[in-house]
Amino acid sequence: MDARLDYFGNALGAKVLKHINSATKVASDSTLPHATQELVKIRASQINGCGFCTDMHTKDAAQAGETQQRLNLVAAWREATVFTDAERAALEVAEQATRIADAAGGVTDEAWANAAKYYDEDQLVALISLLAIINAYNRINVLTQQPAGAYQPGQFG
């Protein structure tokens with residue numbers, strides 16, 4: 001499978017990605033736990049059918065010490081006993097935020113209140129930001145049919 005176009009090699013695409021990546025760095029450097037960051041990026045990518053991002057974030061998470069069992073269960077997190085209550089709250093927000101068109105009103109008050117029990121304001125801002133960014137990246141990759149499977153952990157810095 002070949003991508004429809006080389007978005008990453010296009011001069012305009014590179015300018016757009018420079019700004020998206022700058023925002024990603026700010027959110028990633030927050031106090032939101034790194035494991036939670038990867039879990040929500042994986043889940044959003046799964047929902048959006050973005051193989052490239054699913055491949056990237058599962059490999060990066062494994063490289064950072066995430067267990068294979070937890071990675072295998074992200075898509076079935078509701079039935080899995082391997083996630084903390086805080087992670088489960090973040091995964092619920094991730095799902096509702098990613099499926100925003102499917103849920104009238106977006107993220108429910110209950111999901112938001114549950115996440116706010118575990119994360120402070122800066123962490124919630126980081127969570128929202130990372131979800132907005134990963135959804136943008138998913139759309140770029142799905143629209144261009146970016147192939148998945150060849151990503152190497154740390155490939156992009």
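Structure notes:
- Counting the residues of the stretch 49-86 that are part of a helix (DSSP H, G or I), open to solvent by 20 Å² or more (accessible area, probe 1.4 Å) and either in contact (Cβ under 8 Å) with a residue 40 or more places away in the chain or under 17 Å from Ala111 (Cα atoms) (or both) gives 11.
- Matching residues in the stretch 8-29 - criterion: being charged (D, E, K, R) and either on the phi > 0 side of the Ramachandran plot or not in a helix (DSSP H, G or I) (or both): Asp29
- Residue match in the stretch 93-112 (condition: part of a helix (DSSP H, G or I), open to solvent by less than 20 Å² (accessible area, probe 1.4 Å), more than 25 Å from Met1 (Cα to Cα) and in contact with an Asp or Glu (Cβ under 6 Å, 6 or more places away or on another chain)): yes
- Test for Leu32: is it modelled with pLDDT under 95 and not in a helix (DSSP H, G or I): no
- Test for Thr98: is it of a type in the set (S, T, N, Q) and in contact (Cβ under 8 Å) with a residue 40 or more places away in the chain: yes
- Looking only at the stretch 22-48, and only at residues there that are farther than 16 Å from Val93 by Cα and without any contact (Cβ under 8 Å) to a residue 40 or more places away in the chain, the one that is least open to solvent (accessible area, probe 1.4 Å): Ser22
The values are calculated or read from the model by the stated rules, or taken from the named source; none is laboratory data. From a predicted model like this one, the values you see are computed outputs, not experimental measurements. Neighbour counts run over all protein chains shown; Cβ positions are idealised from the backbone, glycine included. Please note that ligands, DNA and RNA were not included when accessible areas were found on the heavy atoms of the full protein model with its side chains. Shrake-Rupley method; radii C 1.70, N 1.55, O 1.52, S 1.80 Å.
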